[in-house]
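Remarks on the structure that follows.
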Amino acid sequence: MNLPSILYVEDEPKVAASIKQGLEENGYQVDHAPDGAVGNFLAGSKKYDIILLDVNLPHVSGYEVCRSVRAKDPSVPIIMLTAMQTIENKITGFDVGADDYIIKPFDFRELLARIKVFLKRSASEGEAQQDVILRVADLEMNTDAKTVHRRGMPISLTAKEFALLEFLLKRNGRVVSRSEISEFVWDVNFDTGTNVVDVYINFLRKKVDKNFEPKLIHTKPGMGYLLKEL
């Protein structure tokens with residue numbers, strides 16, 4: 001049986017050795033890259049099941065590695081592991097295509113749990129992969145091809161913007177709360193003081209609604225958001 005393969009990009013030797021050993025003891029095959037340039041090369045030369053990525057890396061930053069990987073492979077799960085914990089850092093990570101963001105120092109058991117969630121999701125998506133078209137008014141999403149059009153015009157979205165729009169489309173006009181969105185789109189419960197969801201709703205509005213009528217993304221004060229032709 002083939003072991004799940006992980007690319008681990010980390011420039012701190014002691015941290016890298018400890019995490020790599022722990023992952024291998026838990027049944028994963030791990031390739032370690034000591035900097036962003038090597039990480040970029042390995043990600044482009046081999047298909048991995050998941051990528052663990054530090055942000056502050058020599059030669060090429062984790063953000064740039066993530067952006068490069070995501071441009072070539074829209075489906076591989078990418079988890080950023082970093083001490084950079086401001087909301088701006090998180091938004092930047094999600095914007096370049098990260099699927100999750102774990103703040104150092106972290107409990108190794110949490111990392112294992114996150115990895116298992118993403119590997120299980122990838123397996124499920126692979127089994128059920130098919131062209132699925134979601135539509136509201138003149139907005140159309142192909143969840144397999146990862147394309148979005150409105151009035152026949154292509155709309156370019158980041159990975160997280162796409163996931164958020166897909167979540168809203170699948171709710172068929174139902175109001176969803178910020179906590180629901182953060183849990184299902186980011187697999188986390190953001191602290192109540194953060195505004196990541198609101199920021200991404202605004203990103204979507206600028207791309208999906210700004211130059212079109214009717215407006216499709218609506219706010220229900222105190223309740224959440226919905227996507228519907230009103």
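Every helix of 4 or more DSSP H residues in the chain counts as -39500 (n - 2.57), and over all residues that averages to -12500 deg cm²/dmol at 222 nm. Taken over the Cα atoms of the chain, the convex hull encloses 128 Å³ per residue. Cross-linked pairs K72/K228; K72/K120; K104/K220; K170/K220; K90/K228; K116/K207: Cα-Cα separations exceed 24 Å for K72/K228; K104/K220; K90/K228; K116/K207. Spin-label model, T86/K47: points 7 Å from Cα along the beta carbon direction are separated by 4.0 nm. Long hydrophobic helices in the chain: the complete DSSP H runs spanning 24 Å or more by Cα along their own axis with mean Kyte-Doolittle hydropathy of at least -1.0 are 108-127. Overall shape: prolate for the stretch 140-179, with the ratio a/c of the largest to smallest alpha carbon gyration tensor axis at 1.5 or above and a/b above b/c.
A crude spin-label estimate for the pair S75 and H218, with each label 7 Å from Cα along the Cβ direction, gives 3.6 nm.
Each reported figure results from applying straightforward, stated rules to the coordinates on display, with no laboratory input. Being a predicted model, the structure only gives us computed values, none of them experimental. For neighbour counting, all protein chains shown are included, and Cβ atoms are generated from backbone atoms with ideal geometry for every residue, glycine included.
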